[in-house]
Amino acid sequence: MAPKTDNTEAIVLNFVNEQNRPLNTQNAADALQKFNLKKTAVQKALDSLADAGKITFKEYGKQKLYIARQDQFEIPNTEELALMKEENAKLQEQVQEKRKAISEVESEVKSLQSNLTLEEIQEKDAKLRKEVREMEEKLVKLREGVTLVRPEDKKAVEDMYSDKINQWRKRKRMFRDVWDTVTENFPRDIKEFKEELGVEYDEDVGLSLQAYSDLIPHGKKRGRGQ
């Protein structure tokens, strides 16, 4: 049910006085929808208030602009205006400080939200503690001289390594025999011929067969003729 006429006028009058700026019927009707007032009721209340001298209005063609009566408001003098401006400046400064504080809090909240939860921290802590225990156990074994690699695994690796070194030595010797045969009495410069073919010795690429051979455990090295 719509408000009674007197109640409608009271609502409209209070709104006009609070706004204290020129308003047309549509402005007032839009703002007073929350009171379930229709545009026609607002128009009627504005005209009634104007006729009663409670508000003033000016006509611009077919449109009326309504405004609160200014004689009901106390107009501050120059000194009061200066004080009001000073107070306003202080309030603005406080507003900026509050906004800055809010921004800092929001930033801190975002930072906290991006961190690990307590449950995640506990899980990570447990995982790290387990890794530490495993590493400490391995360290103890190493200090006690316990062999962590099985003898058969170690022997298999050493045999494979030794075989690869012997294959390297054998292929190197085969290449050298062929190369010496081809280049014997060769009419061109051997170095230029080698570069033309893209041939590279071990030494050209920083490799040393002897250095790798020295890594073979004593007793498993084969003679140079093997």
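The values are calculated or read from the model by the stated rules, or taken from the named source; none is laboratory data. Fair warning: this is a prediction, and the values are worked out from it, not measured in the lab. With ideal geometry, Cβ positions are generated from the backbone for all residues, glycine too; neighbour counts draw on all protein chains shown. Just the protein is used for accessible areas: all its heavy atoms, side chains included, with ligands, DNA and RNA removed. Shrake-Rupley method; radii C 1.70, N 1.55, O 1.52, S 1.80 Å.
Scanning the chain for DSSP H helices at least 15 Å long along the axis (C-alpha atoms) with a Kyte-Doolittle mean no lower than -0.5 picks out 5-19, 39-51. I need the fraction of alpha carbon pairs in the stretch 151-215 separated by more than 17 Å, rounded to a whole percent. Tail fraction, whole percent: 55.
Suppose we take every Cα in the stretch 75-114 and form the convex hull; what volume per residue is that in Å³?
In the stretch 75-114, the Cα convex hull volume per residue is 35 Å³.
Lys/Arg Cβ at +1, Asp/Glu Cβ at -1, dipole of the chain taken about the Cα centre: which of Asn36, Gln92, Ile216 is farthest positive-ward? Working it through, the farthest residue towards the positive pole turns out to be Ile216.
Using r as the Cβ-Cβ distance of Tyr60 and Glu97, and R0 as 45 Å, what FRET efficiency do you calculate, to the nearest 0.05?
On the way: r = 44 Å, r/R0 = 0.97.
Efficiency, from the Cβ-Cβ distance: 0.55.
Once the Cβ-Cβ distance of Asn166 and Glu119 is raised to the sixth power relative to R0 = 45 Å, the FRET efficiency obtained is 0.20. Cα to Cα, under 14 Å, and not fewer than 8 places away if on the same chain: which aspartates and glutamates meet these conditions relative to Lys64? Within reach: Asp47, Asp51.
When Met174, Met135 are compared by accessible area at a 1.4 angstrom probe, the order from most to least is Met135, Met174. If you look at the Cα atoms of the stretch 79-174, you get an Rg and a Dmax of 35.3, 110 Å.
Here the contact order of the stretch 1-159, divided by its residue count and restricted to Cα pairs under 8 Å and six or more residues apart, works out to 17 percent.
The candidate values are (i) 1.24; (ii) 1.02; (iii) 2.84; the one derived from this structure for Cα Rg over 2.2 N^0.38 Å carries the label (iii).
Could you list, in their original order, any pairs among Lys62/Lys85; Lys138/Lys170; Lys164/Lys194; Lys170/Lys194; Lys130/Lys154 whose Cα atoms are separated by more than 30 Å? Beyond 30 Å between Cα atoms: Lys62/Lys85; Lys138/Lys170.
With charges set only on the Cβ (+1 for Lys and Arg, -1 for Asp and Glu), what does the dipole of the chain come to about its Cα centre, in debye to the nearest 20?
Values: 42 positive and 44 negative charges, 187 e Å.
Here the chain has a charge dipole of around 900 debye.
Name the residue from Tyr161, Asn20, Leu83 whose Cα lies farthest towards the positive end of the charge dipole of the chain, charges +1 on Cβ of Lys and Arg and -1 on Cβ of Asp and Glu. Final value for the positive-end residue is Tyr161. Pairwise Cα separations in the stretch 1-86 fall into 10 Å bins from 0 onward with the following percentages, short to long: 17, 46, 23, 13, 2. Tyr60 contributes about 130 Å² of solvent-accessible surface, heavy atoms of the protein only, 1.4 Å probe. Cut-off 16 Å, label point 7 angstrom out along Cα-to-Cβ of Asp180: give me the residues of the stretch 150-172 whose amide nitrogen falls inside. In the stretch 150-172, the label zone of Asp180 (backbone N under 16 Å from the point 7 Å along Cα→Cβ) covers 169-172.
For Ser208 and Glu108, the difference between the fully extended length at 0.36 nm per residue and the C-alpha to C-alpha distance is 30.0 nm.
Estimated at 0.36 nm per residue, the fully extended path between Arg188 and Glu144 surpasses their Cα-Cα distance by 9.5 nm.
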